[in-house]
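As structure tokens, the structure follows; a few thoughts come after it.
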There are 2 protein chains.
Amino acid sequence: MESFFSLLERRVDDCSSLLCVGLDPHPDDLKARAAAEAQSFCIALVRATAPYAAAFKPNAAFFEIYGAEGWVALKHVIDAVGEESQRRGSHIPVILDAKRGDIASTAQAYASAAFDSLGADAITVSPYLGGDSVEPLLRNPEKGAFLLCKTSNPGSGDLQDLRIQGEDGQSQALYLRVASLARAWNAHQNLGLVVGATFPDTLREIRAAAPGLWILAPGIGAQGGELEAAMQAGLRTDAMGLLISVSRGISRAPDPAAAAAELRDLIAEIRRAQKRR
Amino acid sequence: MESFFSLLERRVDDCSSLLCVGLDPHPDDLKARAAAEAQSFCIALVRATAPYAAAFKPNAAFFEIYGAEGWVALKHVIDAVGEESQRRGSHIPVILDAKRGDIASTAQAYASAAFDSLGADAITVSPYLGGDSVEPLLRNPEKGAFLLCKTSNPGSGDLQDLRIQGEDGQSQALYLRVASLARAWNAHQNLGLVVGATFPDTLREIRAAAPGLWILAPGIGAQGGELEAAMQAGLRTDAMGLLISVSRGISRAPDPAAAAAELRDLIAEIRRAQKRR
């Protein structure tokens, strides 16, 4: 059985892209506050940007606003990614951005909700409850999880930057401990990290601590992250291993397809430059 | 406007109970794996135990398994608590156990999903993303949140027990920093803590660090927590401030109403003993 990251890497090769298109149907961006609007907003984005997308990342919260109708819309959006995958003969993974995290029996239910009921390929998960809360999300190697490590928001330092006693007796930031836990928990090649692109120095530090892990990096554009700095800090030595997640930078562009194409090309250029180095 | 905890305290007085009835329709406990079964399982529990319940705590994951149908079922369960409240002329708060936690704009959407769309009164939330991720859940003083502090599962120590540099220069456990952050963030009297009843010594330590905060304590019964030890460790000096959350200990009892009544009485007895001391 293939691992989630081997599936993702195949898609990265198929489309020569590390771009993850965020599907965040924020009510302010919709013509009306309604599940049907969120759905058509996202499906239009999926169709326009699929050629350039290594993955899609729908944000569960912006569907949950509408209750059951929102859940139906989310399912239709994920199905639309499946249709694009089929049309292109290339599976485009869906990362459900839901930031779940609960004790094992409950985590198993979240895995079933995300992977079986919705049909997502991966989910974002909080590390706060520890290893036994993450394990149920990793049981199926074809499905993956991205562990919150250092997030892109201003308050992320409240916990994540706290200095803890490191394994070598030196103090280290909590986010670095999370990175080394993720390495230990990644037995099936299906656990990555979420590291905000808004903190390139931190991204570099985490990449050094976890040279092989996939990193999902949100925060480019609207949240102030800069693409080149993030890629230089976060790419693996094989110029892979980093998903650049962009939401509003694409959805609010006058031509989302053109914006995604441009990002894909820029990413490819930076990867080539890194390979030459 | 009343704060969430003033509403909760009124209910505690009305029913002389600190019992929070957990609504965890685990598929293994249902006649069939279906949203309608989860709904009727929970509504039967709500009707049987309402006289003894200071609050109800539905677990979102066990509804999300069923997608949109599960969301409809969850809404009906929450509505059933509303009907019991009306029948009794005493508002029974619903704490949605969803353990959300995301950047501010997304957290606002989760608040809208839990409070406006589903009609819950409070939600459980992860501290990992920091203060700006919790604030949107606290904007309406009548709605509350419980911040994960020390959870009841075996792996909770992976992060929560890590020693960090304390504000006084001494080292302290991460969970104690979370408790002091919660005190700082509790400007509207609507932020409490989640502390597993499985670790009474830790519960005592957290109570000492946060003498006034409400604590939601799961883990009694199925997860091995003992009622009396937990209450002695976690009650405030006014014999309030602690919600004892029980799920399978009630739902799997031959007579759930009798089990809830017994727990309510036992809790009341322990409170009286503490008051006499």
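The values are calculated or read from the model by the stated rules, or taken from the named source; none is laboratory data. Note that the structure is a prediction, hence the values are computed from the model and not measured. Here the Cβ is made from the backbone with ideal geometry for all residues, glycine too, and neighbour counts use every protein chain on show. The accessibility values were calculated without ligands, DNA or RNA, using every heavy atom of the protein model including side chains. Shrake-Rupley method; radii C 1.70, N 1.55, O 1.52, S 1.80 Å.
Using a 1.4 Å probe on the protein chains only, how many percent of the accessible area of the stretch B:73-169 belongs to carbon and sulfur?
46 percent
Given Cα pairs under 8 Å that are at least 6 residues apart, what percent is the relative contact order of chain A?
This gives 19 percent for chain A.
For chain A, modelled as a Gaussian network with Cα springs under 10 Å, which listed residue fluctuates most, A:Leu235, A:Leu174, A:Leu96?
A:Leu174
Between chains B and A, what is the buried accessible area summed over both chains (1.4 Å probe, protein heavy atoms, nearest 100 Å²)?
4400 Å²
Rounded to the nearest 5, what % of the DSSP beta bridges within chain A are antiparallel ones? Working shown, then result.
Working: 3 of 30 bridges.
So the antiparallel bridges amount to about 10 percent of the total.
In nm, what is the difference between 0.36 nm times the number of residues separating A:Gln274 and A:Ala32 and their Cα-Cα distance?
Fully extending the segment from A:Gln274 to A:Ala32 adds 82.7 nm.
Using a 7 Å offset from Cα along the direction of the beta-carbon, what are the separations from A:Lys31 to the same position in each other copy, nm, ascending?
Computed spacing set for this position: 4.6 nm.
Taking R0 as 35 Å, what's the FRET efficiency between A:Arg163 and A:Met1 from their Cβ-Cβ distance, rounded to 0.05?
After rounding to 0.05, the efficiency reads 0.30.
Return the long-range amide H neighbours of B:Val194 (sequence gap of 5 or more, or a different chain), with a cut-off of under 5 Å between placed amide H atoms.
B:Leu147, B:Leu148, B:Cys149, B:Lys150, B:Leu216
Is the shape of the stretch B:133-199 best called rounded, prolate or oblate, per the rule: a/c under 1.5 gives rounded, else a/b larger than b/c gives prolate, else oblate, with a ≥ b ≥ c the square roots of the Cα gyration tensor eigenvalues?
Values: a/c = 2.77, a/b = 1.46, b/c = 1.89.
Note, shape of the stretch B:133-199 comes out oblate.
Taking the Cβ-Cβ separation of B:Arg248 and A:Gln86 as r and a Förster radius of 45 Å, what is the calculated FRET efficiency to the nearest 0.05? Working shown, then result.
Values: r = 43 Å, r/R0 = 0.95.
After rounding, the FRET efficiency stands at 0.55.
In the stretch A:109-155, what residues drop by 50 Å² or more of accessible area when the other protein chains are put back, versus the chain on its own? Use 1.4 Å, and skip ligands and nucleic acids.
Residues shielded by partner chains are A:Ala109, A:Tyr110, A:Tyr128, A:Leu129, A:Asp132, A:Asn153.
Sorted by accessible area (1.4 Å probe), largest first, how do A:Ser171, B:Ser133 line up?
Ranking A:Ser171, B:Ser133 by accessible area, largest first, yields A:Ser171, B:Ser133.
With a 1.4 Å probe and all protein chains kept in place, how do B:Glu262, A:Glu37, B:Glu64, A:Glu142 rank by accessible area, largest first?
The ranking, largest first, comes out as B:Glu262, A:Glu142, A:Glu37, B:Glu64.
Provide the per residue accessible area, probe 1.4 Å, for the protein assembly as shown, rounded to a whole number of square angstrom.
Result: 36 Å² per residue.
Could you give the semi-axes, largest first, of the ellipsoid that matches the stretch B:86-129, computed as the square roots of 5 times the alpha carbon gyration tensor eigenvalues and rounded to whole Å?
After diagonalising the Cα gyration tensor, the semi-axes are 24, 11, 6 Å.
State the Kirkwood hydrodynamic radius of the stretch A:157-270 in Å, one decimal place, computed from all pairs of distinct Cα atoms.
Computed over Cα pairs of the stretch A:157-270, the Kirkwood hydrodynamic radius comes out at 15.0 Å.
Quick check for you: which residues of the stretch B:143-159 have the amide N under 12 Å from the point 7 Å beyond the Cα of A:Asp132 toward its beta carbon?
B:151-158
If you average the C-alpha positions of the stretch A:8-69 and of the stretch B:88-102 separately, how far apart do those two centres end up, in angstrom?
Using only Cα atoms to place each centre, the spacing works out to 30 Å.
Of A:Leu227, A:Leu96, A:Ser17, which is farthest on the positive side of the dipole of the stretch A:4-259, counting Cα position, with +1 on Lys and Arg Cβ, -1 on Asp and Glu Cβ, and the Cα centre as origin?
With unit charges placed on the Cβ atoms, the residue in question is A:Ser17.
Kindly work out what percent of the DSSP beta bridges joining two residues of the protein assembly as shown are antiparallel, to the nearest 5.
Details: 7 of 61 bridges.
Here the antiparallel bridges make up roughly 10 percent for the protein assembly as shown.
So, with +1 on the Cβ of K and R and -1 on the Cβ of D and E, and no other charges, what is the size of the charge dipole of the protein assembly as shown about its Cα centre, to the nearest 20 debye?
The calculation lands at about 420 debye.
What is the calculated FRET efficiency for A:Ser171 to B:Ser180, with r their C-beta to C-beta distance and R₀ = 22 Å, to the nearest 0.05?
0.65
Between B:Gln86, B:Gln39, B:Gln189, which gets the highest mean-square fluctuation from a Gaussian network model of chain B, Cα cutoff 10 Å?
Judging by the Gaussian network model, the answer is B:Gln86.
To the nearest 20 debye, what charge dipole does the stretch A:120-277 have about its Cα centre, counting +1 at the Cβ of each Lys and Arg and -1 at the Cβ of each Asp and Glu? Present the calculation step by step, with values, prior to reporting the outcome.
Details: 17 positive and 17 negative charges, 66 e Å.
The dipole magnitude comes to about 320 debye.
Tell me, which residues of the stretch A:61-91 get at least 40 Å² less accessible area when the other protein chains come in, versus the chain alone (1.4 Å probe)?
Relative to the lone chain, where solvent access is computed with a 1.4 Å probe, the stretch A:61-91 loses at least 40 Å² at A:Ala61, A:Glu64, A:Ile65, A:Ala68, A:Trp71.
One quarter of the convex hull surface, Cα atoms only: what value does that give for the stretch A:4-259 in nm²?
Result: a mean projected hull area of 13.0 nm².
Can you give the % of DSSP beta bridges in the stretch A:61-184 that are antiparallel, to the nearest 5?
DSSP beta bridges in the stretch A:61-184 are roughly 30 percent antiparallel.
Of A:Gly196, A:Gln39, A:Gly130, which is farthest towards the positive pole of chain A's charge dipole, taken about the Cα centre with +1 and -1 on the beta-carbons of Lys, Arg and Asp, Glu respectively?
A:Gly196
In debye, nearest 20: dipole of the stretch A:43-186 around its Cα centre with unit charges on the Cβ of K, R (+) and D, E (-)?
300 debye
Counting only residues 5 or more places away or on other chains, whose amide H sits under 5 Å from the amide H of A:Ala173 once H atoms are built in the peptide plane?
Long-range HN contacts for A:Ala173: A:Ile164.
Among B:Arg139, B:Arg248, B:Arg207, which one shows the biggest mean-square fluctuation in a GNM of chain B, springs joining Cα atoms closer than 10 Å?
Evaluated over chain B, the most mobile residue of the options is B:Arg139.
Using the Kyte-Doolittle scale, find the helices of chain B whose mean hydropathy is at least -1.0 and whose Cα atoms extend 27 Å or more along the helix's long axis, counting only whole DSSP H runs. Walk me through the intermediate numbers first.
Values: long enough: B:68-88 (30 Å, -0.47); B:256-276 (30 Å, -0.40).
Result, helices passing both filters: B:68-88, B:256-276.
Over the Cα atoms of the protein assembly as shown, what radius of gyration and what Dmax do you get, in Å?
Here Rg and the maximum Cα pair distance are 23.1, 77 Å.
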